[in-house]
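Values quoted throughout were computed directly from the atomic coordinates according to the rules given, and no laboratory measurement underlies them. Please read these numbers as outputs of a predicted model, since none were measured by experiment. All Cβ positions, even for glycine, are placed from backbone atoms using ideal geometry, and neighbour counts span all protein chains on display.
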Amino acid sequence: MIGQELLGYGGGLFITVGFIPQVWRLFRLKSAREISLPFTILFLFGTISWLSYGIIFRLMPVILWNSISLGLMAAMLYAKLRYGKQ
């Protein structure tokens, strides 16, 4: 069970950390034209679904990384709505 959880933590880490440079870039450049609004909204709802799944089944790696991803995706949506039409 420990190896399986480590795999979940590791996979979640790489997926979640992969969004940080994109979100950072959106706010640094104040431009989000290249980001698709449907992608952002669908990914946000997918993250909420995964987080709910993790909470229901008490899966800590899923809860941890999807909580962080939810914040990153919310920031991405905010940037898209604020900077997307420039």
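Points worth noting:
- Search result, residues across the range 30-58 that are out of contact with any Leu (no Cβ under 6 Å at 6 or more places or on another chain), surrounded by 12 or more Cβ atoms within 10 Å (Cβ to Cβ) and among the polar types (S, T, N, Q): 31, 36, 52
- Listed conditions (1) touching a residue at least 12 places away in the same chain (Cβ under 8 Å); (2) closer than 20 Å to residue 17 by Cα are all met by residue 82, apart from (2).
- Test: residue in the range 9-29 that is surrounded by 13 or more Cβ atoms within 10 Å (Cβ to Cβ), of a type in the set (Gly, Ala, Ser) and over 14 Å from the mean Cα position of the chain (by Cα): no
- Residue within the range 59-70 that is over 21 Å from residue 6 (Cβ atoms) and surrounded by 12 or more Cβ atoms within 10 Å (Cβ to Cβ) present: yes
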